[in-house]
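Asks: Let me begin by handing over the structure; questions about it come next.
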Amino acid sequence: MQVISKKKGRQSVVFTEPPMVFSSASIVGDVEAKGPLGSRFDLILDDDTWGEKSWEKAESKMFERSVRLAAEKSKIDLNEIDCLLGGDLLNQIISASYAARTLKIPYFGLYGACSTMTESLLISGMLIDGGFREMAACTASSHFSTAERQYRFPLELGNQIPPTSQRTVTGAGCVIIGNANKCKDGFLFKSIRITAGTIGRIVDLGITDASNMGAAMAPAAADTISAHLQDMNRTVDDYDLIVTGDLGKFGSEMLFDLCKEKNVDISGKHADCGCLIYTADQDVNCGGSGCGCSAVTLASYYLERIENANYDRILFLATGALMSPSSSLQGESIPGIAHAVVMERSCCI
Amino acid sequence: MEHQERKKKEYQDKVKKKMPKSNTFMECVRAFLVGGLICCFGHFISDLGRLWLRLDIEDSALFTSIVLVFLAALLTGIGVYDKIGKFAGAGSIVPITGFSNSIVSPAMEFKREGYVQGVGVKLFTIAGPVLVYGISTSIVVGIITFLFFR
Amino acid sequence: MSSITDYIWVFIIGGAICVVGQILISLTRMTTARILVLFVTAGVILTGLGLYEPLVKLAGAGATVPLTGFGFVLGKGAIEGALEDGLLGAFTGGIKAAAGGIAAAIFFGYLAAVIFTPKTKK
């Protein structure tokens, strides 16, 4: 038996039967709703505890509801979803696991910090192309208040935040993807395929400042972009847009520099979800961050842009900073990672 | 390996050079104004203590601390102190009001984890180290005084 | 009642102590916990060296309200305890003198934490 290799180069994969994007949903908090993408989100929380007793419970509820909502929007029954892949920022990824408790979908919990969205898309893509699953829900969530109390300071502590910091997005985004033969008429999207992806490597250039995550993650993003182009034998011109997850303003600036050093010029072709989700006057310093940042931006904005033929092919890479409060206190530097997926417009059968 | 280390160093230097920075001078001005005002308010309270309650100097200082701690705990509770802190920085951290804020803010956030393991424990996340180092140093100073100056 | 000149000294010394803290925060990104620990310890040591008391005489609340003043109370109490009651006084003096402040902080801190609920920053 001849096996067709889907492996491409050191880090990349190319799908022989590219999975299709079927549906998506996004839920955000009220601060995100005041941003430029405000009107595109499916559900907005007026109160960020969402009627729950704790913020952790609210985040888990967002995670769960985003999956249900994505399924509902395309009239997909939850039983048709073969696998749920996702994660969040909290210890032991409790938001995801507690949501999976009620969803009853076979579940893989992932921790990739803010890179979780592309990590789940990439693994789901491989599961589907490999024929192991036919439809998968990829979800990621984050919540400003849960992240602050776990990683930073109490909300009411009167301290100042440095200008390099980013605000954790309160939001959950879900993207449902599946084998092309499962595509039906009522689905939200009918012409987006995930054609390839690149598995990120940990890159750590020794940044220790946990309030400067953009700079800590930018080297990983640059590494994945250049590995992807090399593996795929492509150039930046083969893409309409290269979207990073949450590098923020300063991280994006460092990404340009790092790419230039590798002789890759992405200026004019780059967008960052962290820069896109808030307006400049929202007092968020360098922009947004968190798993939810790239998840809700992809789910509410970029998928629609591809479906509507604004873009034909984008490289989407969410970036993660894989430190913990303990490692920060121990003076360890921040390991960064970025996983990439290629999303293309190509019509349903 | 050496190349890798050099690359890291170069990147860190570049980040340090290019990253957006806050205006230290203006931060100091704001810290000075707010810190000075809090102290003046404290002095006013101690004047009142001496005038109305006929307290001596040491008791009026204690009275001032108690009033300021109370007010800061209240302002933290109603969500005002973090806004003052954002403006004033050290101006509202260094005074005893900042100590009060650092006691209340973690404690109130961990109510959902229970009154003993949540509030009770978190009350001392910042106050704990302050008391440990303050009291220990005072004992060292006391012992030195006992040994050499008595 | 204190005079205007007294208040000017309170303002200047109190403000200046805070500026020292701000410089440390701005330049080294020191956290709140480290700043507070540093100031209390510095207050105790300066008192031990006899340098802080003149500042308290000059600036009143300008020197006692910053956390270095809390250190001053601890340090002064320990010194007086050691002089009056010997070795045991060295142990009890500081915390005895600071007892009122510590008790108030714990009591009001607990009350506020129980009564109020934190709000998300906008």
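None of the figures in this text is laboratory data; all of them are computed from the coordinates on show. In this text, all values refer to a predicted model and were calculated from it rather than measured experimentally. Using ideal geometry, Cβ is built from the backbone for each residue, glycine included, and neighbour counts are taken over all protein chains shown.
Asks: Considering every residue in B:81-88, what mean count of other chain Cβ atoms within 10 Å of its Cβ is obtained?
Replies: The mean count of partner-chain Cβ atoms within 10 Å per residue comes to 4.
Asks: Here's something else I'd like to know. Net charge within 15 Å of C:Lys57 by Cβ-Cβ distance, Lys/Arg positive one each and Asp/Glu negative one each, not counting C:Lys57 itself?
Replies: Here the count lands on -3.
Asks: Separate question: Quick one: net charge of A:Leu85's neighbours, Cβ under 10 Å, K/R +1, D/E -1?
Replies: Around A:Leu85, the surrounding residues sum to 0.
Asks: Once a ≥ b ≥ c are taken as the square roots of the eigenvalues of the Cα gyration tensor of the stretch C:4-115, is the result rounded (a/c under 1.5), prolate (a/b larger than b/c) or oblate (a/b not larger than b/c)?
Replies: Oblate, since a/c reaches 1.5 and b/c is not below a/b.
Asks: Now, a different point. What shape does the stretch A:152-215 have by the C-alpha gyration tensor, where a ≥ b ≥ c are the square roots of the eigenvalues, rounded means a/c under 1.5, and otherwise prolate means a/b greater than b/c and oblate the rest?
Replies: Cα axes put the stretch A:152-215 in the oblate bin.
Asks: Could you please state, rounded to a whole Å, how far the C-alpha centre of the stretch C:71-122 is from the C-alpha centre of the stretch A:213-277?
Replies: The distance from the Cα centre of the stretch C:71-122 to that of the stretch A:213-277 comes to 53 Å.
Asks: Given the options A:Ser326, A:Ser252, A:Ser12, state which has the largest fluctuation in a GNM of chain A using a 10 Å cut-off (strictly under) for Cα springs.
Replies: Per the Cα network of chain A with a 10 Å cutoff, A:Ser326 tops the list.
Asks: Per DSSP helix of 4 or more residues, -39500 (n - 2.57); summed, then divided by the residues of chain B. What does that give at 222 nm, rounded to the nearest 500?
Replies: -25000 deg cm²/dmol
Asks: Report the normalised scattering of the stretch A:7-181 as log10 I(q)/I(0) at q = 0.09, 0.13 Å⁻¹, calculated by the Debye formula with identical scatterers on the alpha carbons.
Replies: Each listed q maps to, in turn, -0.32, -0.65.
Asks: What is the ratio of the Cα radius of gyration of the protein assembly as shown to 2.2 N^0.38 Å, with N the residue count, to two decimals?
Replies: Computed over Cα atoms of the protein assembly as shown, the ratio equals 1.12.
Asks: While we're on this one: 222 nm [θ] for chain A, helices only, -39500 (n - 2.57) per DSSP H run of 4+, per residue, to 500?
Replies: -9500 deg cm²/dmol
Asks: Of A:Cys273, C:Pro54, A:Ala220, which is farthest on the positive side of the dipole of the protein assembly as shown, counting Cα position, with +1 on Lys and Arg Cβ, -1 on Asp and Glu Cβ, and the Cα centre as origin?
Replies: A:Ala220
Asks: Which whole-number percent is the relative contact order of the stretch B:27-148 (Cα, under 8 Å, 6+ apart)?
Replies: 23
Asks: Ok, one more. For chain B, set up a GNM with springs between Cα atoms under 10 Å and report which of B:Thr64, B:Thr137, B:Thr76 has the largest fluctuation.
Replies: Result: B:Thr137 has the largest fluctuation of those listed.
Asks: Let me ask another. Return P(r) of the stretch A:118-258 (all Cα-Cα pairs; 5 Å bins starting at 0; whole %; ordered from short to long distances).
Replies: Calculated P(r), rounded to whole percents: 2, 8, 13, 16, 17, 16, 12, 8, 5, 2, 0, 0.
Asks: Here's something else I'd like to know. What does the charge count around A:Ile337 come to, taking other residues whose C-beta lies under 14 Å from its C-beta (Lys +1, Arg +1, Asp -1, Glu -1)?
Replies: Overall, the nearby charge balance is -3.
Asks: Convex hull over the alpha-carbon atoms of chain A: what's its volume per residue in Å³?
Replies: Each residue corresponds to 132 Å³ of Cα convex hull volume.
Asks: Amide H neighbours of A:Ser24 under 5 Å, counting only residues 5+ apart in sequence or on other chains, H built in-plane at 1.01 Å?
Replies: A:Ile176
Asks: Moving on. What is the dipole size for the protein assembly as shown, taken about its Cα centre, with +1 at each Lys and Arg Cβ and -1 at each Asp and Glu Cβ, in debye to the nearest 20?
Replies: Approximately 320 debye in magnitude.
Asks: Something else: With +1 on each Lys and Arg Cβ and -1 on each Asp and Glu Cβ, and nothing else charged, work out how big the dipole of the stretch B:27-148 is about its Cα centre, in Debye to the nearest 20.
Replies: Its charge dipole is roughly 280 debye.
Asks: Determine one quarter of the surface area of the Cα convex hull of the stretch A:191-348, which equals its mean projected area, and express it in nm² to one decimal.
Replies: 9.3
Asks: Moving on to the next point. Quote the charge dipole size of the stretch A:1-99 about the Cα centre in Debye, to the nearest 20; the model charges only the Cβ of Lys and Arg (+1) and of Asp and Glu (-1).
Replies: The dipole of the stretch A:1-99 has a size of about 620 debye.
Asks: Would you work out the relative contact order for chain A, in percent, from Cα pairs under 8 angstrom that are 6 or more residues apart?
Replies: 25
Asks: Which percentage, to the nearest 5, of the DSSP beta bridges contained in the stretch A:7-181 is antiparallel?
Replies: So the antiparallel bridges amount to about 60 percent of the total.
Asks: The stretch B:27-148: percent of C-alpha pairs farther apart than 23 Å?
Replies: Beyond 23 Å sits 45 percent of the P(r) for the stretch B:27-148.
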